[in-house]
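Quick notes on the structure that follows.
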Amino acid sequence: MTLVAIVAFAATSALSRRSTAIRGIRTVSALQLASFACLSAYSNLGAWPAPSEAHLAARELAPLDGRPCCIRSGPSHAPIPFPRGARGVDTARALVRDAILGGRLRAPHNSARLLRERVLDERYAHAHYAFRIGLFRFVDDVELLFDGSKRVIHFRSALRVGQGDMGANADRIAALRAALAAA
């Protein structure tokens, strides 16, 4: 074998390895994008589990599920106080609804928009809001429980699927707290 043939063989072999590596990167990127798209679709199709009648009757929110993207009022997060102008649960609920529908819950890096709103059960002053998040269209759910006797709003906010939300749920609750303090 001549020196030129050896160099040509080595160059061809190196190019072959490089193109295989590039194809491998493209394959991995395509698989990551496909899995992200599947998670997004699952998030949009998945329904937030309705609270059980026992939770509603006991005036409780569902417990945390251990994911970092789920926050709930309790020892680490104080409930939101009723706005000063709220005379009762109905007024507080109307002020919350105005803050949410008025778009005042957007943090600078949070492009969430309200997907839908529903009152789960008026007997228990329990409301549910769903927000769709930016580019990948993941859905965050916010549950609120209005406690008229203590004049506070208990909350639970979580991403439907996945582990991380880059602080979007905590920012949303902080924005709600600020909007109600200004009301």
Any chance segment 107-120 includes a residue that's modelled with pLDDT of 75 or more and within 25 Å of Arg59 (Cα to Cα)? no
Please indicate, with yes or no, whether at least one residue in segment 148-156 is at pLDDT below 80, in the same structural domain as Phe82 (by TED's automatic domain parsing) and not in a strand (DSSP E or B). no
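Quick check: anything in segment 69-84 in the same structural domain as Ile153 (by TED's automatic domain parsing), at pLDDT below 75 and under 27 Å from Gly164 (Cα atoms)? Break it down stepwise before answering.
If we filter segment 69-84 for residues that are in the same structural domain as Ile153 (by TED's automatic domain parsing), which is where we start, we get 69-84.
Add one more test, that the residue is at pLDDT below 75, and what stays is none.
Looking for residues that are in the same structural domain as Ile153 (by TED's automatic domain parsing), at pLDDT below 75 and under 27 Å from Gly164 (Cα atoms), one finds none in segment 69-84, hence no.
The values are calculated or read from the model by the stated rules, or taken from the named source; none is laboratory data. Keep in mind that what you see is a predicted model, and the values were worked out from it rather than measured.
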